[in-house]
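Below is one structure, written out as structure tokens; comments come after it.
The values are calculated or read from the model by the stated rules, or taken from the named source; none is laboratory data. It should be emphasised that the depicted structure is a prediction, and the values quoted were computed from it without experimental measurement. As a convention, Cβ positions derive from the backbone with ideal geometry for all residues, glycine included, and neighbour counts pool all protein chains shown. Note: accessible area is taken over every heavy atom of the protein model, side chains too, but ligands, DNA and RNA are not part of it. Shrake-Rupley method; radii C 1.70, N 1.55, O 1.52, S 1.80 Å.
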Amino acid sequence: MAEGDTDIPADHPRHDSLVTRHRIEDGVEAGITSKQGLIAEGRGEAFDYLLGERTLPSADAAARAAAAHLLLARHPVVSVNGNAAALVPDELVALADAVGADLEINLFNRTEERMAAIADHLRDHGASEVKGLDADARIPGLDHERAKVDADGIADADVVLVPLEDGDRAAALSDLGKAEIVIDLNPLSRSAQVADVPVVDNILRAIPNITAHARELADADRDELERIVAEFDPAAALDDAERAIRSGDL
């Protein structure tokens, strides 16, 4: 539990939502999260509310497929932006450890100060190595700071997990032929639509869930992992999430 989370009673009806808001606020104060990240978090929270603030069975299946992709990967990379670093730093480190992935910082509002702050933050939460600081390669087709990646990180990855909304980079990574896992609460977003595995869930639930599936599948043989990947239907997962949003009982 992050510092300050204990100030919110566990039985508060909006506990998880308030914890999320406080972590983003703390991230802004620490120079980890941009002010625009506050807006992005509010948008995501609205979709989570419509989903009933729960992990749908289809999202759990997506998390399992994501774990299988990461375990099969030659070089998996977990991309980290400011909101993700503020919300789930321990969980990101645990996931990277469980699947042997690199953690790489990638920001739209990139400054040397923010990059250093996020890298230090991840190291404080147990990361042994953090990529993204070298920025010695570029993603073709992007004209902003998200194009900057490490040559031995995202540029070389065959599977990339992209948490939170990031439509143009998601499309660019897809164009490079990389298998892409996207965590996005909006099933209609471009990020989710181009993903090989769209996980329509709150990042607070999704990252630990993917990690749990990865640990469960750690001893699975390659045929089993490939079967899980082949049987996952991204379009059906998106349709199920949209249906839940449109027909949910609030």
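Remarks
- Charge tally around ARG215: other residues with Cβ under 14 Å, Lys/Arg +1 each, Asp/Glu -1 each, net -3.
- Karplus (6.51, -1.76, 1.60) ³J(HN,Hα), θ = phi - 60°, over the stretch 105-116, in Hz, Gly and Pro reported as x: 6, 9, 10, 7, 8, 8, 9, 4, 5, 5, 4, 5
- Distance between the modelled labels on GLU129 and ASP223, one decimal in nanometres: 3.3 nm (7 Å Cα→Cβ projection).
- Within the chain, the longest run free of trypsin sites (Lys or Arg not before Pro) that sit in a DSSP loop with at most 14 other Cβ atoms within 10 Å is 75-250.
- Per residue, the accessible area of the chain comes to 45 Å² when a 1.4 Å probe rolls over the protein heavy atoms.
- Accessible-area composition of the stretch 57-247, carbon plus sulfur, in percent [1.4 Å probe]: 45 percent
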